[in-house]
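The structure appears below as structure tokens.
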Amino acid sequence: MSNRTIQLDDRLYTYLQSVAVREPKILAQLRAETNQHPQAVMQIAPDQGQFMGLLVQLLGVKKAIEVGTFTGYSALVMALAMPEDGQLITCDVNPQDTAIAQRYWAAAGVSHKIELKLGQAIDTLQNLLDQGAANTFDLAFIDADKSGYPQYYEACLRLLRPGGLILIDNVLWSGAVADPTITDQRTTILRELNRQIHQDDRVNISLLPIGDGLTLAMKK
């Protein structure tokens, strides 16, 4: 028995993947192609993706928003888990990376569920709010530029319905958030956001040491 989360060395993580991860072929293909990308480190882990897909199913998500698309793995995970009439809006600024995403969404037969918004994510979120979409989304996933996280969090919280869930990636930032000697802008922003969410009585929270750290914040 242990009163703290077990540490995963390479052997144990490989074992975890062998008995826990059921990655569809199309997702494995996308992950393999993304591994050749110069910024492949931005790709979420398959066990995190599977967990997110399960959350989508458990919550019965029909309307979701994603901030940060990259090559589309997380969007594909969520779209595959959503019902046929589900809608996912995903935001990014990079047409080259999202072209890879669109190719795989089409191959998986889920393009009709996904609407890609190219442009600054905060503008897309604000436009949705201006159009009356507050309190209508079931789930939001934030995995983009860290400088924008505080704004993305506030906007997504307004867009979520009560009982809706925000997922925030990279909140442990390879451990840097726990090292007070690291004071670069991105680390400082994440450290402060973690503190603010911990004290935010508008949400119920859990921060999981999966991937690079994933915060779950459920709107009250």
Quick one: which of Lys63/Lys220; Lys63/Lys117; Lys63/Lys219; Lys62/Lys117; Lys25/Lys117 span more than 20 angstrom between C-alpha atoms?
-> Lys25/Lys117
Quick one: compute a quarter of the convex hull surface over the Cα atoms of the stretch 138-220 and quote it in nm².
-> 4.9 nm²
Kirkwood-based shape ratio for the stretch 70-134, expressed as Rg/Rh from alpha carbons = 0.98
In the stretch 1-59, carbon and sulfur make up what percent of the accessible area (probe 1.4 Å)?
-> 55 percent
If amide H atoms are built 1.01 Å from N in the plane of the peptide, which residues on other chains or at least 5 residues away come under 5 Å of the amide H of Lys62?
-> Asp138
At 25 °C and 0.890 mPa s, what whole-number value in µm²/s does Stokes-Einstein give for the translational diffusion of the chain, with Rh from the Kirkwood sum over Cα pairs?
-> 138 µm²/s
Volume of the Cα convex hull of the stretch 10-78, divided per residue and given in Å³ | 98 Å³
At q = 0.15, 0.17, 0.22 Å⁻¹, what is the log10 ratio I(q)/I(0) for the stretch 69-185, with the Debye formula run over Cα points and no solvent?
-> -0.72, -0.90, -1.33
Summing -39500 (n - 2.57) over the DSSP H runs of n ≥ 4 in the chain and dividing by its residue number, what mean residue ellipticity at 222 nm do you reach, to the nearest 500 deg cm²/dmol?
-> -13000 deg cm²/dmol
Membrane-span-like helices in the chain: DSSP H runs reaching 18 Å or more (Cα, own axis), mean Kyte hydropathy at least 0.5?
-> 46-59
Å² of accessible area per residue within the chain, as computed with a 1.4 Å probe and no ligands counted | 52 Å²
Quick one: with all protein chains in place, what share of the accessible area of the stretch 89-152 is carbon or sulfur, to the nearest percent (1.4 Å probe)?
-> 46 percent
Signed unit charges on C-beta, dipole axis of the chain, positive-most listed residue Gly68, Ile6, Ala178 = Ile6
Select from Asp145, Asp169, Asp130 the residue whose mean-square fluctuation is largest in a Gaussian network model of the chain (Cα-Cα springs shorter than 10 Å).
-> Asp130
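The values are calculated or read from the model by the stated rules, or taken from the named source; none is laboratory data. Computed from a predicted structure; not experimentally measured. Ideal geometry is used to build each Cβ from the backbone, glycine not excepted, and the neighbour counts take in all protein chains shown. The protein model used for the area step is the full one, side chains on, heavy atoms only, and it has no ligands, DNA or RNA in it. Shrake-Rupley method; radii C 1.70, N 1.55, O 1.52, S 1.80 Å.
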